[in-house]
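K.L.:
Right, I'll just put the structure down here and ask away after.
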């Protein structure tokens with residue numbers, strides 16, 4: 001390991017934001033810093049605008065993609081040069097359109113050539129092609145779906161008894177790392193909860209004590225459920241509409257249909273007696 005790399009590793013390791021980072025991460029960041037200084041992307045351009053645009057692009061690529069060698073960064077520098085030229089030609093064509101003039105054939109041909117070179121360089125570097133973007137979008141959608149699911153089910157698992165076929169709820173105990181097995185009457189994420197039963201309590205058909213007895217819980221828990229009802233859990237980077245959409249697709253979470261009229265009538269008749 002040469003002296004410059006050792007010195008850069010020590011500098012990167014002592015940065016506050018790298019506290020606790022692995023040695024592999026520190027060494028990779030140090031190498032990237034050294035390579036980056038050797039490129040000097042701004043020196044490849046003349047105008048301040050191009051210099052600023054090139055530096056911004058260079059920083060964005062380094063922040064969003066992994067590069068394994070100085071050769072990769074040199075190829076990246078070539079890509080940025082092409083992208084700056086592409087932007088410049090696109091600006092020229094836009095100005096021509098604003099003046100109601102026909103675009104120059106040579107300019108259009110140059111733009112197409114540059115676009116081809118940009119795609120080729122991105123392919124060499126393994127950057128975002130259309131297919132990769134579609135795959136990434138699908139992955140991001142799946143990650144969001146799991147984020148919502150985990151937030152509602154982080155402390156419990158459901159299974160089926162192999163002996164009797166009864167649905168079971170495996171709930172993590174608070175005092176240790178063991179699980180207790182409960183009959184599974186319905187649940188809402190990590191909360192032991194029956195939405196229909198709670199609707200009966202709100203309608204006065206069941207008392208809180210009746211609900212607590214049916215679902216093996218306490219009156220205090222029923223009070224808590226009523227107080228916290230309809231509050232949407234907050235999940236980082238997930239919109240409220242996506243959370244609501246998730247809830248509406250789960251029978252044990254979504255708002256149930258109206259209580260059947262015959263149940264309401266029977267309760268009213270009992271009250272009159």
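K.L.:
Residue 248 to residue 178: FRET efficiency via 1/(1 + (r/R0)^6), r the Cβ-Cβ distance, R0 30 Å, to the nearest 0.05?
P.N.:
Plugging the Cβ-Cβ distance into 1/(1 + (r/R0)^6) gives 0.30.
K.L.:
Which value in nm describes the separation of the simple spin-label points at residue 93 and residue 43, placed 7 Å from the Cα toward the beta carbon?
P.N.:
Between residue 93 and residue 43, the label points sit 3.3 nm apart.
Values in this text are rule-based calculations from the coordinates and carry no lab data. Owing to the predicted nature of the structure, the values given are computational and were not obtained by experimental measurement. Every residue, glycine among them, receives a Cβ derived from its backbone with ideal geometry; neighbour counts consider all protein chains shown.
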